[in-house]
Every structure is written in structure tokens, then in C-alpha cells.
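What follows is a single structure, written as C-alpha cells, with notes after it.
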Amino acid sequence: MSAAQASAWGNLGWPPAAEIRRVDTRDADLPAVAGTLLPYGNGRSYGDSCLNPGGTLLATRGLDRFIAFDADTGVLACEAGVLLAEILDLVVPRGWFLPVTPGTRYVTVAGAIANDVHGKNHHAGGAFGAHVRSFELLRSDGSRRRCSPAENADWFAATVGGLGLTGLVTQAELQLKRIAGNAIAVRNVRFSGLDEFFALNAEAEREHEYAVAWIDCLAKTPRGVLMGGDHADADLPAPRGGRNVPLTPPLSLINHASLAAFNAAYYGKPWPAAQTVHYRPYFYPLDAVGHWNRIYGPRGFYQYQSVVPPAAARAATGEMLAAIAGSGQGSFLAVLKNFGARSSSGLLSFPMAGTTLALDFPNHGAATLDLFARLDAIVRAAGGRLYPAKDARMPAAMFRAGYPRLAEFTSYVDPKFSSGFWRRVMENN
Amino acid sequence: MQKILIVGAASAIAEAAARQWAGRGAALFLVARNAAKLEAIAADLKVRGAAAVSTHVMDATDTAAHAAMLDAALAALGGLDVALIAHGTLPDQKACEASVELTLREIDNNGLSVIALATRLANLLEAQGRGTIAVIGSVAGDRGRQSNYVYGAAKGLVARFFEGLRNRLAKAGVQVLTVKPGFVDTPMTAAFPKGALWAQPEQVARGIVAAIDRRKDEVYLPGFWRLIMLVIRHIPERIFKRLSL
Ligand SMILES: Cc1cc2nc3c(=O)[nH]c(=O)nc-3n(C[C@H](O)[C@H](O)[C@H](O)COP(=O)(O)OP(=O)(O)OC[C@H]3O[C@@H](n4cnc5c(N)ncnc54)[C@H](O)[C@@H]3O)c2cc1C
């Protein structure tokens, strides 16, 4: 794998790693290198949390073997670099599903552990780490530990959500969830205004396993579509994917006019109140277009994802959306959802009870960063935090304020491991 | 259910092909040097749906061990439909130039050991009157070049040998397939900078499985290499010898 192939999803032009070493067998030792190491999964993190500029990346996609699958209990053991897509292809026909899945299926198992990723069912199922039965952690001192909620529980808590800094996860065992078919029964409800969203969402969370809303944040009054979903007892043919953005256009195709037009059209399109769809378009609408991140052009783009606690959620979300609409730098369909009360497994896990808002912004340099500073202030005042997997710019103070167990976490960081993100938030002021 | 023997089963291309066959419920017999790696691959293939997977540790250059390995494969599989010979090494050309011993060892790894295996397999399949022998050769076998002619010579030897076998076994109804991959992004080529001509092992594996299904004789993978090699083979030697390829 060449250096150019190890990029982060936001294409923000980070300096390359000095070296990329592939890890192809789970019993291999870590390479002896002069500088620092960082595991690299499938590069679906947006910023520099999966990058190690000037250091060595351990490319883990070669660790793509299954180890065991029990079709009666739904326990799956596999190597760290297996993609969630590969798991789904294997287990869905046999009646099992991932207990938690992020909005793209092209992430590795260890990448999902390292960010303790969340899906549309946090209110029902918590985050990814809650379904990890165990994993093996390989440290630069050569030690290998089996970690689970019962065994080496402290290492388990540090590594789930641990941003790849505690060592290399070589293999993991997951508890999957039973399904009756590959389809999802979806209920779509349009809403206008945040009060309506919160009321509808509370109801959706009571009624559905999955709930998520797309919002048009460019409209004067935030409006959107809430999509409740449940696994259905039906099998549908897989939709044919295959569209791809073959190269990065010289200019971003995302501007105010194209965004506003897209968002309005999306909100306005006929939404059937109820429909049954294959699981892929429901969970992974963006995966249908390969490399869609390229449409943001050579300067790349940011994602800003925050969570604010329930008490402040309505007010803070309203303020953020007003700041965004006021800045004129809209986002392509923002995602709004609630996290439930189930506490996360990891010391640095992002999900906590509250409301999470995620938006993509084309990189317009200072104007974009100024907007983020205003959003930071709202999130901090509300007692919230930002998601490192999506971050490329948060100030060190913002990170410390959001993650009260940071000091505890640092004692588990492997002395040989580091990342661009880690140096940025720990070494600068 | 296809009964398939793979020699060099730990190579990236062979592993990817084995996954395709496992997904179809084939029975597999895997041969490689590294026992731990072999076990990891076998477990994976079982999860992916293989009807049965057996493993056998052997160094392919140990030609004296071939007969016993084939007996074990026949016993475990209960017959043989397809044999894929996929083992090989990528020699350091410069080091070979400085060492006769190393050159001969590489010719043995990539050429003689393949011929030894193919000889036994040919007799077996000829007697049963059906089946497939496939070998992973290389575009490098189509013409000698200064940058890797030791490897190229071994692969060329294999290609010509298989041509002969194909001619001999056609009457017996046995398929003899020569696979000629171009550049493939595998652990073997980890040190090389990758460009647009590089293919992924899965892509090459799909081509191999399809070529066996369609009973082809020879296949370049990806297909565009047929054209590239057509041009390269036709450059007159008097010009070719001056090129730095
Ligand atoms: C379209 C899209 C939608 C998304 N939707 C969501 C969502 O809904 N919810 C959500 O939570 N996230 C979401 N994400 C973010 C994504 O799920 C995470 O960034 C995920 O961690 C990426 O996994 P990866 O395999 O690509 O790992 P990378 O991005 O390559 O790495 C992620 C982290 O994992 C570490 N890591 C990788 N392998 C190992 C290993 N073997 N051992 C130890 N550490 C390792 C890395 O060091 C890094 O810190 C989305 C991303 C995209 C592009």
C-alpha cells in the first residue's frame, strides 16, 4: 500500500505517514520502527484520528479472516480488519445482523471498536462496544491481552473508544443480533421546527428500534424527515450499487446554491409514510455512491458532530442550527438523533445521553473554522462534546472539557503509539 | 461439490480464490509451509461455507514429499476436481546475479517444483479422464527483462511445460490452465510503489475461478495484460535489448 492510499475521509490534505506497514497475520509481532505507530483500518474517519503524519501506519485490512461463527448463538469471532460489509454479507443470509452499525458499512471491526461507533439504535442498543464480547490487544512491549468486560476490564474500557492509541487489536468476538429477514420496515414522518422533531422523536424511540432524522439546516425553520425503522420478516433483493465518483473534480461541487436546491428537493420529495426496504439503503444511503467524498473537491471537507445532554438539547440544537443558517455555510443534509441513557463502555467513548447533530461542511478555510468556533462555544456551554472520529480541528481545551476521563485514559496509551489527532489535542496548549 | 487442492494456499491470490470456492460450498485441501497461517485460513474458509477444509504442511520444493501430499489430498477430499498450483517467491534479481546458488533456488521455487507437481497431477487426472490443473504463472514469463529475468525464466519454463501438458491432456478431457497475472498488490509486492496497472488479489482470484469454470487454456489477469504483452512480445530483440525494462 502506498502512502497516497492511506487517507482520511475528509480529504483535508494531511501530511503523509513516513511509512505504511501491512499487518497480514494476527500472530505477527509489531514492526520495530524508530518513530510512532498507529493502526489504520479503512480510513473512514474524517480527520487525523486515523492518521500518523511522519510516523508509521499499521495497515490492518490484511487481517480479514473469520475465525468462528456460531449460527445458533450469533457469536462471531474474526480478525480486526474484517469490514462490517463482509460480516453482513456472511451473516444476513443466515439470519443475523450487526447489533450496532454506523452509517457506512465500509469500516473495520477494530475501527468500530476504536471509535466505539454508534448507529441509529443507540436508544435501544447502546454503542458498538456494548456488543463486543472480547478482543486481543497487542502492545509494543510484545504483550498480548485478552480483554473483555470481565477479563482485563480496565484495558477493555480504555481500548473501546481508545482511538487506536492503546495498542493493536488483532481479533475480536462480537455478539450479533437475530433477524427474520434482510428488510427494514420504515416509517417516514416530515417535521417542521425542532419542537416537532423532539416530540416525534420521543415517540419514534418508544415505537422503533431505529430512529434518525435528516434535516434541511438551510431552511429558515429547520425541517426534515424522521425515519423510524424495524427489522421486518421479509427478504428483498439487494439493490444494485455501483455508481462511483471516479476522481476528484478540480473544484468543489458543493456550494450554497447546490446545497439549498438539494436539501429543498430532498425534503419535498414524496415520502411514503410506510415502506419496506432492503437494509442497505436504510442504513447506508451514502454507500450507494463510491467515493462520494470527492465531490467536495481538492480542499476536502469537514464534518462537525456534537452531542449535548438532554437538559440543554433543545436550546443548544436550536442555537447551533441558527448559527449555521446565519453563516450561509449550509451542510448537505444534516443528521439529528438522540442517544439513549445506556452508558458507553469506553473511557473516551463519544456517545452519551443527549442529542447528536452531524453536518458536513465544504472546506472554506477561515470562514468555516470561524463557524466551528461559534458552534464549539454553544456545545461547551451546554456541557456537550465533539466526536474525535469526525474531528479535524477541535482545540485541545474543547477535547479536555468534553472527556472527563481523559487523565485516566492516558495511562493506558501505548508509549509507541500516537496519531495526528492525539498530538494536536494533547501537545498544543 | 467441487473437490479442490491448492498448493501455496497462503499466497494472497490463492487465499482469495479459496474464499470464492468456499462460498460455493467446495471441499478444500490446503498446502503451505506455515502451519499457523494455514490454520487461520482454514478456519476462515469454514466460516465462509466450505463443505470441508483440510490442511497439509509442506515445502513445495521438497519434491520427495509430493507423492504423500497427493495421497493425503485424495484421501481427505475423496477425489480431485481441481488442482491450483499457486506457490512462488519473488526473487531479488540483483542478489541472484551475484549468486548462482540463489538463482538456482529461485528457479527451483518457481519452476522445477511446479513441474514436479504438475507431472504427478497430470498422470493422476489423465488416468481419471477429467479434472483441472491450473498454475499461477506470470506475464514476466512472456519475455526476459533485465529487471527480473530469473523469475521470468522460471515462469517461462512453467508456461511452456503447461503448453505441452495441455496438448497431451486435451484427449483425456483434462483442463490445463495457465494464469498470467500482471502486477498484483499482495504482501509479496508490498515494497513496490503501486500505480494504475496494479490489481487486487480478489480481482485476479475472480478471474481464475471464472477461467476454470469456462475451461479456458490461458488467461491474462486483468485482461488488458494480453494486449500489453502482445506489444512487448513483438518488439524486435535488437530494439528490446536496449530498453531498460
Ligand atoms: C459515510 C460515513 C458515515 C459514518 N457514520 C457513522 C455513524 O453513523 N456513527 C459513527 O459512530 N461513526 C460513523 N462514521 C465514522 C466511522 O464509523 C468511524 O470513523 C470508524 O471508526 C472508521 O473505521 P475504519 O475501519 O475506517 O478505521 P479508521 O478510520 O482507519 O481508524 C479509526 C480508528 O481506529 C483505529 N484502529 C483501526 N484499526 C485498529 C486496530 N486493529 N487496533 C486498534 N485500533 C485500530 C485507528 O487507529 C483509528 O483511531 C461514518 C463515516 C463515514 C465515512
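Yes or no: region B:144-157 includes at least one residue that is touching a Gly at 6+ places or on another chain (Cβ under 9 Å) and within 14 Å of chain A (Cβ to nearest Cβ).
Checking region B:144-157: not a single residue is touching a Gly at 6+ places or on another chain (Cβ under 9 Å) and within 14 Å of chain A (Cβ to nearest Cβ).
Checking residue A:5 against (1) open to solvent by 30 Å² or more (accessible area, probe 1.4 Å); (2) within 13 Å of chain B (Cβ to nearest Cβ); (3) more than 14 Å from the ligand (Cβ to nearest atom); (4) in contact with a Lys or Arg (Cβ under 8 Å, 6 or more places away or on another chain): exactly one of these is not met. Which one?
All conditions are met except number (3).
For region A:383-419, give me each residue that is part of a loop (DSSP other than H, G, I, E, B) and surrounded by fewer than 21 Cβ atoms within 10 Å (Cβ to Cβ).
Once the filter is applied, which keeps residues that are part of a loop (DSSP other than H, G, I, E, B) and surrounded by fewer than 21 Cβ atoms within 10 Å (Cβ to Cβ), region A:383-419 yields A:383, A:393, A:395, A:403, A:404, A:405, A:411, A:412, A:413, A:415, A:416.
Which residue, of B:178, B:189, is open to solvent by less than 20 Å² (accessible area, probe 1.4 Å), within 14 Å of chain A (Cβ to nearest Cβ) and out of contact with any Pro (no Cβ under 7 Å at 6 or more places or on another chain)?
The match here is B:189.
Going by what's in this entry, would residue B:231 be described as in a helix (DSSP H, G or I), over 28 Å from residue B:187 (Cβ atoms) and out of contact with any Lys or Arg (no Cβ under 6 Å at 6 or more places or on another chain)?
yes
Considering each of B:57, B:31, B:53, B:82 in turn, give the residue that is within 14 Å of chain A (Cβ to nearest Cβ), on the phi < 0 side of the Ramachandran plot and either in contact with a strand residue (DSSP E or B) (Cβ under 8 Å, 6 or more places away or on another chain) or basic (Lys, Arg) (or both).
Sole residue among the options that is within 14 Å of chain A (Cβ to nearest Cβ), on the phi < 0 side of the Ramachandran plot and either in contact with a strand residue (DSSP E or B) (Cβ under 8 Å, 6 or more places away or on another chain) or basic (Lys, Arg) (or both): B:53.
Sort out which residues of region A:31-60 are more than 11 Å from the ligand (Cβ to nearest atom) and either part of a loop (DSSP other than H, G, I, E, B) or under 14 Å from residue A:112 (Cβ atoms) (or both), and write them in order of number.
A:31, A:32, A:33, A:34, A:35, A:36, A:53, A:54, A:55
Since residue A:109 meets every condition but one in (1) touching a Cys at 6+ places or on another chain (Cβ under 7 Å); (2) open to solvent by 20 Å² or more (accessible area, probe 1.4 Å), which condition does it not meet?
Only one criterion is unmet by residue A:109, namely (2).
Tally time: how many residues in region A:57-75 are touching a residue at least 60 places away in the same chain (Cβ under 8 Å), more than 10 Å from residue A:25 (Cα to Cα) and within 10 Å of chain B (Cβ to nearest Cβ)?
Total meeting the criteria: 1.
Restricting to region A:311-332, name every residue that is at pLDDT 95 or above and either under 11 Å from residue A:360 (Cα atoms) or open to solvent by 40 Å² or more (accessible area, probe 1.4 Å) (or both).
A:311, A:314, A:315, A:319
Table: residues versus (1) among the aromatic types (Phe, Trp, Tyr); (2) within 16 Å of the ligand (Cβ to nearest atom); (3) buried (at least 22 other Cβ atoms within 10 Å of the Cβ).
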| residue | (1), (2), (3) |
| --- | --- |
| A:144 | no, yes, no |
| A:160 | no, yes, yes |
| A:165 | no, yes, yes |
| A:185 | no, no, no |
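I'd like to verify a number: residues in region A:129-139 that are in a helix (DSSP H, G or I) and within 12 Å of the ligand (Cβ to nearest atom), how many?
Here the count works out to 1.
Let's see how each residue does on (1) within 16 Å of the ligand (Cβ to nearest atom); (2) within 22 Å of the chain's Cα centre (by Cα):
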site	(1), (2)
A:329	no, no
A:340	yes, yes
A:355	yes, yes
A:369	no, yes
A:383	no, yes
A:387	yes, yes
A:413	yes, yes
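Could you check region A:333-364 and list, in sequence order, the residues that are modelled with pLDDT of 95 or more, farther than 21 Å from residue A:401 by Cβ and out of contact with any strand residue (DSSP E or B) (no Cβ under 8 Å at 6 or more places or on another chain)?
Correct list: A:340 only.
For region A:26-41, which positions are closer than 22 Å to residue B:12 by Cα and open to solvent by 40 Å² or more (accessible area, probe 1.4 Å)?
Within region A:26-41, A:26, A:27, A:29 qualify.
If residue A:78 meets every condition in (1) within 14 Å of chain B (Cβ to nearest Cβ); (2) assigned to a loop (DSSP other than H, G, I, E, B) apart from one, which number is that one?
Just one mismatch for residue A:78, condition (2).
Of (1) closer than 27 Å to residue A:56 by Cα; (2) away from the ligand (no atom under 16 Å from the Cβ); (3) assigned to a loop (DSSP other than H, G, I, E, B), residue A:154 satisfies all except one. Which?
Unmet condition: (3).
Quick check on my filter: what residues within region A:336-382 are polar (S, T, N, Q) and open to solvent by 10 Å² or more (accessible area, probe 1.4 Å)?
Within region A:336-382, A:338, A:343, A:344, A:345, A:363 meet the criteria.
Can you tell me which residue is farthest from the other protein chains (Cβ to nearest Cβ) among those in region A:9-25 that are under 26 Å from residue A:136 (Cβ atoms) and open to solvent by less than 50 Å² (accessible area, probe 1.4 Å)?
Taking the candidates together, the pick is A:17.
Just checking, which of A:212, A:225, A:189, A:169 is touching a Ser or Thr at 6+ places or on another chain (Cβ under 7 Å) and either part of a strand (DSSP E or B) or at pLDDT 95 or above (or both)?
Answer to the selection: A:169.
Within region A:92-128, restricting attention to residues that are among the small types (Gly, Ala, Ser) and in a helix (DSSP H, G or I), which residue is farthest from the ligand (Cβ to nearest atom)?
A:124
I'm checking my understanding of the structure. Among residues of region A:61-91 that are near the ligand (Cβ under 9 Å from one of its atoms) and open to solvent by 10 Å² or more (accessible area, probe 1.4 Å), which one is farthest from residue A:290 (Cα to Cα)?
This residue is A:61.
State which residue is farthest from residue A:299 (Cα to Cα) when the search covers only region A:237-287 and only residues that are of a type in the set (D, E, K, R) and in a helix (DSSP H, G or I).
Ranking the candidates gives A:280 first.
Which numbered condition trips up residue A:21, out of (1) in a loop (DSSP other than H, G, I, E, B); (2) more than 7 Å from the ligand (Cβ to nearest atom); (3) in contact with a strand residue (DSSP E or B) (Cβ under 7 Å, 6 or more places away or on another chain)?
Failing condition for residue A:21: (1).
The values are calculated or read from the model by the stated rules, or taken from the named source; none is laboratory data. This one's a predicted model, so the numbers in the text were calculated from it and none came from an experiment. Neighbour counts are summed over all protein chains in view; Cβ atoms, including those assigned to glycine, are modelled from backbone coordinates with ideal geometry. Surface areas here come from the heavy atoms of the whole protein model, side chains and all, with no ligands, DNA or RNA. Shrake-Rupley method; radii C 1.70, N 1.55, O 1.52, S 1.80 Å.
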